1. Quick one: which residues, 5+ away or cross-chain, put their amide H under 5 Å from the amide H of B:ILE128? H built at 1.01 Å from N.
2. Given H placed on each backbone N at 1.01 Å, which residues far from B:THR286 in sequence or on other chains put an amide H within less than 5 Å of it?
3. Per-residue mean of other chain beta-carbon atoms within 10 angstrom of the beta-carbon, peptide B:213-224?
4. Quick one: the Cα spread of the stretch B:214-352 along its three principal axes, in angstroms, biggest first?
5. Hey, what do the phi angles of the stretch B:327-338 turn into as Karplus ³J(HN,Hα) couplings, whole Hz, using 6.51/-1.76/1.60 and θ = phi - 60°, x for Gly and Pro?
6. So for the stretch B:13-53, Kirkwood radius off the Cα pairs, Stokes-Einstein at 37 °C and 0.692 mPa s: how many µm² s⁻¹?
7. Which pairs in the list A:LYS99/A:LYS236; A:LYS3/B:LYS63; A:LYS275/A:LYS312; A:LYS102/B:LYS3 are over 19 Å apart, alpha-carbon to alpha-carbon?
8. Does the stretch A:1-100 come out rounded, prolate or oblate by the C-alpha gyration tensor, with a ≥ b ≥ c the root eigenvalues, rounded set by a/c under 1.5 and, if not, prolate when a/b is larger than b/c and oblate if not?
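The values are calculated or read from the model by the stated rules, or taken from the named source; none is laboratory data. Note that the structure is a prediction, hence the values are computed from the model and not measured. No Cβ is skipped: glycine too gets one built from the backbone with ideal geometry, and neighbour counts run over all protein chains shown. In case anyone asks, the SASA skips ligands and DNA or RNA and just uses the protein heavy atoms, side chains included. Shrake-Rupley method; radii C 1.70, N 1.55, O 1.52, S 1.80 Å.
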Number of protein chains: 2
Amino acid sequence: MSKFWSKRAHELDPYTPGEQPQNQQYIKLNTNENPYPPSPKAIEAMRAAADESMRLYPDPHAKSLKQAIADFYDLDIEQVFVGNSSDEVLAHTFVGLLKQDKPLFFPDISYGFYPAYCGLYNIEATKIPLADDFTIRVEDYEKENGGIIFPNPNAPSGIALSLEDIEKILVANPEVVVVIDEAYIDFGADTAVPLIAKYPNLLITQTFSKSRSLAGLRVGFAMGHADLIEGLERVKNSFNSYPLDRAAIAGATASIKDKAHFESTCQKIIATREKTSTALEAMDFTVLPSKTNFVFAKPKKADAEKLYLDLKEQGILVRYFSAPRIDGFLRITIGTDDEMDVFFKTLAELLD
Amino acid sequence: MSKFWSKRAHELDPYTPGEQPQNQQYIKLNTNENPYPPSPKAIEAMRAAADESMRLYPDPHAKSLKQAIADFYDLDIEQVFVGNSSDEVLAHTFVGLLKQDKPLFFPDISYGFYPAYCGLYNIEATKIPLADDFTIRVEDYEKENGGIIFPNPNAPSGIALSLEDIEKILVANPEVVVVIDEAYIDFGADTAVPLIAKYPNLLITQTFSKSRSLAGLRVGFAMGHADLIEGLERVKNSFNSYPLDRAAIAGATASIKDKAHFESTCQKIIATREKTSTALEAMDFTVLPSKTNFVFAKPKKADAEKLYLDLKEQGILVRYFSAPRIDGFLRITIGTDDEMDVFFKTLAELLD
């Protein structure tokens, strides 16, 4: 606390990310990082970008990256926005599109950064409770609101909403922006990108941090009608003209062009996830049906927080949320098969 | 314009950066980039960081970089804040420290991004006219205000304020935050860092974009009392947990440790600047006394805007501001001696 802080700074409720120990002693299954390396072409492109041209500003529009994303999703470049992580893209979305007179709707159990943005930009929000089975009830989003945002698949539940249900929400809310946060979309759920042509109020955000193994590069993007993108550009140009550095533009561009690497990585993670869910159920966990690179699972006969602490002591980090409704669960990122084998061996010993 | 934009998005007045042509056909003297390459150690560090570990999030606290900056300036790590360019650092400063009930003061002729931040965060500002000789009048900042920010040296004037004058402003304003934006400090002016120990309301921002030749890497920082830094951390953690990517942390850390490269680069630019000022005066320009890596100069017998356009046609980009009081000036970034020779040759032909 300081008398020099603004009232806003005093009132903030900052987000707490998962632990990021700066040594290598843990098996990290706690921040949904990809256990497989990024595309070798991305690494090559980042290294090539790290040359004397670093003395020059990057392209403020990051056109090469926007075009590569547009090509991947068969969109126009004007329908793509890029930023320094999807967190930055989301922040700009909150102030540029979701700050309205009526309250913003998002699920009570969802990405923990949404309330932090509301604090930063003084946005009124209503948290909509998920159903008892942790699914989003479409009818709850058919009430008057100033905007809607939810992850699909949702986090930390991992549960995906069908495109049919997403379309119902869009149809019911033609006057407000509906943001689908697709951070985990590439692990088995259906992207809403094909709906962009039909719904000018649909904005989709994605990230290079998960399915493209580039959490360390900080690149995210949004897709939607050109008018929505222009709104985000206005915010960006009132904040930072050049949010993406030269290495980030080059690496992300090369990454999205390497479709084969991306698809094979996602397939491996999906296969390990299915094995993980089955194994956890066999060990007496309730496992929510995940379409992400993590599983959200509740030990039926053990205390989740204690299990988290015991696993940490054994060198395995998973994520535990001390929050209503989910404090009986662990969020376990899908690692390599070898990492999951160690995890299961350790878990079996702890539960024995 | 779109009905989906927030009221805030409608009202924004985004900043317009200098032209960034994506081809190499111009001699670029328009965006104050450094004509010399970054430290070879920074390039090496960025390349080493571009490996398979990019799959992992970076250190959210960027401790290695903060420590290197603290070491350089003989500060504690708690007195250092880092961000994705000094623009981002400034943005967080505006909402976290400078958004107050009373109006923020900054010079009428100054960095064009300040009004953009005021628009983004709904901050009331009063623009304080510079004196006729484009200097800051200390007594103008001794009136009631909610905060003060100005660049030192100022931009685009290039004129530096003495530490004595800065201290007078600090003494007169103990209850508000005074931000000194030292983007260009390393080209001959005195940093206010030694005043941090004495004034808990002093915040200093700097960038790696100019004196350290890393405009393409997007790294900026702030220094001040730990309470001010904590306020900035609260904003950062409500916006983006990991603003700096792995390559940026590694490159900037190596850069600030390479003091010899930094000092020799700055000295070369200062020498060329002095020659440039003398040459421009000989060509009938009024040249403001610059302590930066650019000169702000007014052709006495030619139209500045026409000269800007003619130079551009000849392959040389300088910056022209179509704004009251300064629309007779050109801002000319200091290039290499070879680049400046071409510039002078072309200028002589155009003025002939």
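1. B:PHE106, B:ASP108
2. Correct list: B:LYS298, B:LYS300.
3. Numbers: counts 4, 5, 9, 16, 10, 12, 1, 1, 0, 0, 0, 1.
Across B:213-224, the average partner-chain Cβ count within 10 Å equals 5.
4. 56, 37, 28
5. 7, x, 10, 10, 9, 10, 5, 6, x, 5, 4, 4
6. In µm²/s, the coefficient is 244.
7. Values: A:LYS99/A:LYS236 15 Å; A:LYS3/B:LYS63 26 Å; A:LYS275/A:LYS312 22 Å; A:LYS102/B:LYS3 14 Å.
Result: A:LYS3/B:LYS63; A:LYS275/A:LYS312 exceed 19 Å.
8. On the way: a/c = 1.72, a/b = 1.21, b/c = 1.42.
Because a/c hits 1.5 or more and a/b fails to exceed b/c, the stretch A:1-100 counts as oblate.
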